[in-house]
Amino acid sequence: MNSTPNRAAHADAFRKLLRGLGKEELFPTSLLEQYPHIFDKIFLLWEDPPSSAKYFDELLTTNRENRAGFPHDIYTEIFTLDSYYTYTHPTVQKNDDFWSGVNKRD
């Protein structure tokens, strides 16, 4: 893991936050190890519901054809965090049309 002092502080703070919510099992260990820049951005946006919702949507869906997607464990961690976040922030507007970013064929 490419660690920086801020990243270590972010990881500690996010663990403490989740522990305080009784949801320490949601900590995205694989995401932190394999995609630390994404972990950092999720942490930094966590207190900004509209920005967090938008970022989760961007991570979980794409309209770029050359993307293979995340490995299963990473996708699962992101999806689980997104689900919990949406549940705890019910006023966040989410894109309900899952297929909206897919290019339509004529």
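The values are calculated or read from the model by the stated rules, or taken from the named source; none is laboratory data. Bear in mind that the values here come from a model prediction, so they are computed numbers and not experimental data. Neighbour counts are summed over all protein chains in view; Cβ atoms, including those assigned to glycine, are modelled from backbone coordinates with ideal geometry.
Can you confirm whether residue 80 is β-branched (Val, Ile, Thr) and assigned to a loop (DSSP other than H, G, I, E, B)?
no
Of all residues in region 15-36, those satisfying the criterion of being part of a loop (DSSP other than H, G, I, E, B) and out of contact with any Asp or Glu (no Cβ under 7 Å at 6 or more places or on another chain) are 21, 22, 23, 27, 35.
Checked against (1) part of a helix (DSSP H, G or I); (2) loosely packed, with under 12 Cβ neighbours inside 10 Å; (3) at pLDDT below 90; (4) of a type outside the set (A, V, I, L, M), residue 12 passes all but a single condition, namely (3). Taking residues in region 35-57 that are free of Cβ contacts under 8 Å to residues at least 40 places away in the same chain, and partners anywhere that are of a type in the set (D, E, K, R) and surrounded by 19 or more Cβ atoms within 10 Å (Cβ to Cβ), the pairs with Cβ atoms closer than 9 Å and at least 6 places apart or on different chains are 56/82; 57/82. A count restricted to region 57-96 and to residues that are modelled with pLDDT of 90 or more, of a type in the set (A, V, I, L, M, F, W, C) and over 16 Å from residue 27 (Cβ atoms) stands at 3. Restricting 70, 56, 39, 43 to residues that are surrounded by 14 or more Cβ atoms within 10 Å (Cβ to Cβ), part of a loop (DSSP other than H, G, I, E, B) and of a type in the set (A, V, I, L, M, F, W, C) narrows the list to 70.
Considering region 73-87, the residues that are of a type outside the set (Phe, Trp, Tyr) and in contact (Cβ under 8 Å) with a residue 12 or more places away in the chain include one that is farthest from residue 39 (Cα to Cα), namely 86.
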